[in-house]
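Here the structure comes first, spelled out in structure tokens, and everything after it is commentary.
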């Protein structure tokens, strides 16, 4: 299992969240601030089975095409999960 951590602009978060949940990914959305001028950003957290990681990343990339200016639209981390438990 992997934890996908995605930090993106608030204006992009709804499209990405809807695409992920439509494909049965569970998403936790955390409002946060960061960057120059402390603009609104969102952190999305996804617990993803190993075999579905690339599917999730493809969905994210499809919803965040490159900007003409070359500016990056998101920061993405894929972190291994040693233990997963629901209580």
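The values are calculated or read from the model by the stated rules, or taken from the named source; none is laboratory data. Everything numeric here is computed off the predicted structure, so don't read it as measured data. In this analysis, Cβ positions are derived from the backbone assuming ideal geometry, glycine residues included, and neighbour counts consider all displayed protein chains.
In table form, for the structure just shown:
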item: Count of residues meeting criterion [at positive phi and modelled with pLDDT of 90 or more] in region 8-41; result: 1
item: Hits in region 76-87 (condition: modelled with pLDDT under 95 and either under 12 Å from residue 6 (Cβ atoms) or in contact with a strand residue (DSSP E or B) (Cβ under 9 Å, 6 or more places away or on another chain) (or both)); result: 84
item: Residue in region 31-41 that is in contact (Cβ under 8 Å) with a residue 24 or more places away in the chain and part of a loop (DSSP other than H, G, I, E, B) present; result: no
item: Checklist (1) within 27 Å of residue 83 (Cα to Cα); (2) out of contact with any strand residue (DSSP E or B) (no Cβ under 6 Å at 6 or more places or on another chain); (3) surrounded by fewer than 15 Cβ atoms within 10 Å (Cβ to Cβ) applied to residue 30, failing item; result: (2)
item: Filter result (under 16 Å from residue 3 (Cβ atoms), within 11 Å of the chain's Cα centre (by Cα) and outside any helix (DSSP H, G or I)) within region 43-75; result: 43, 44, 45, 46, 47, 74, 75
item: Residues that are free of Cβ contacts under 8 Å to residues at least 24 places away in the same chain and within 24 Å of residue 33 (Cα to Cα), drawn from region 59-87; result: 61, 65, 66, 67, 69, 70, 71, 72
